[in-house]
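After the structure tokens below, expect a handful of questions from me.
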Amino acid sequence: MIKVLFVCLGNICRSPMAEAIFRDMVKKEGLTNDIQVDSAGTGDWHIGHPPHKGTQTILTKYKVSFEGIKARKVIQEDLEQFDYIIAMDSDNLKNLKKMTSTTKTGQIKRLLDFVEDSKVTDVPDPYYTGNFDETYELVSNGCKRLLDVIKKENFVGKE
Ligand code: 4NP
């Protein structure tokens, strides 16, 4: 089982959006039994809360289920247990790297690092910008590329 964790600040806007989109892609590819998806926040303000209304609205628009998704805070064990830890922006990446030993930071990357031709490296935070459409665009593109990489790294030639 390959374990993927998306991380943002509050775990109510960007990373639950990524979790829902990626979970949907994994399901459509028939990989539900191979790839486990979760999300968490570096902050603790919204623990137990469902995704932000703006995230709910855009996911509903694109018919992506967010059933069962609730905010939690990232914990030390996550860094040991997840194979791919995907930060939404450079601050999240910095905070995650602070939580772990320097030898174990290789599996922590920003989502848009997987988009070779991306003009931006950080997913803008719609909690502040209010632009959930822009976030959806960037997150879904990043998730597509991430899934390609995970498939290449783990499944190619192993069927
Ligand atoms: P997120 O956005 O990191 O994409 O979930 C935020 C949500 C809440 C807060 C900050 C960012 N907050 O300060 O409560």
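All of the numbers you see were taken from the coordinates with simple rules; none came from a lab. All of these numbers come straight from a predicted model, not from anything done at the bench. Positions of Cβ are generated from backbone atoms using ideal geometry, with glycine treated the same way; all protein chains shown enter the neighbour counts.
Using only helices, what value at 222 nm comes out for the chain when you add -39,500 (n - 2.57) per DSSP H run of length 4 or more and divide by the total residues, to the nearest 500 deg cm²/dmol?
Using -39500 (n - 2.57) per qualifying helix, the result is -12500 deg cm²/dmol.
Please arrange K27, K97 by counting, for each residue, the other beta carbons lying within 10 Å of its beta carbon, fewest first.
Ascending Cβ contact count within 10 Å gives the list K27, K97.
Grab every C-alpha pair in the range 52-100, bin the distances at 5 angstrom width from 0 up to the longest one, and report whole percents.
So the P(r) values, bin by bin, are 5, 15, 21, 18, 17, 16, 7, 1.
Given q = 0.15, 0.17, 0.25 Å⁻¹, what are the Debye log10 I(q)/I(0) values for the range 105-159, with equal point scatterers placed on the Cα positions and solvent ignored?
Relative scattering, expressed as log10 I(q)/I(0), comes to -0.50, -0.61, -1.00.
Arranged by the count of other C-beta atoms within 10 angstrom, fewest first, what order do S118, S90 take?
Lowest count first: S90, S118.
Quick one: Debye curve from the C-alpha atoms of the range 14-100, no solvent, what's log10 I(q)/I(0) at q = 0.17, 0.19, 0.20 Å⁻¹?
-0.76, -0.93, -1.02
Something else now. Pulled fully out, how much extra length does the chain show between K119 and K28, if you take 0.36 nm times their separation in residues and subtract their Cα-Cα distance?
Between K119 and K28, full extension yields an extra 29.9 nm.
In addition: Please name whichever of S140, Y84, P124 sits farthest to the positive end of the charge dipole of the range 84-150, dipole taken about the Cα centre and charges placed at Cβ: Lys and Arg +1, Asp and Glu -1.
Y84
Is the chain best put as rounded, prolate or oblate by its Cα gyration tensor, with a ≥ b ≥ c the root eigenvalues, rounded for a/c under 1.5, and otherwise prolate when a/b is larger than b/c, oblate when not?
Rounded, since a/c falls under 1.5.
In addition: Which of E19, E153 has the fewest other C-beta atoms within 10 Å, and how do the rest follow up to the most?
Lowest to highest Cβ neighbour count: E153, E19.
Which lysines, if any, have their Cα less than 20 Å from the Cα of K109, not counting same-chain residues under 8 positions apart?
K3, K73, K94, K97, K98, K119, K144, K151, K152
What list of ³J(HN,Hα) couplings, whole Hz, do you get for the range 115-127 from phi and the Karplus terms 6.51, -1.76, 1.60, once you set θ to phi - 60° and write x for glycine and proline?
Karplus values, whole Hz, x for Gly and Pro: 9, 4, 9, 5, 7, 10, 9, 10, 6, x, 8, x, 4.
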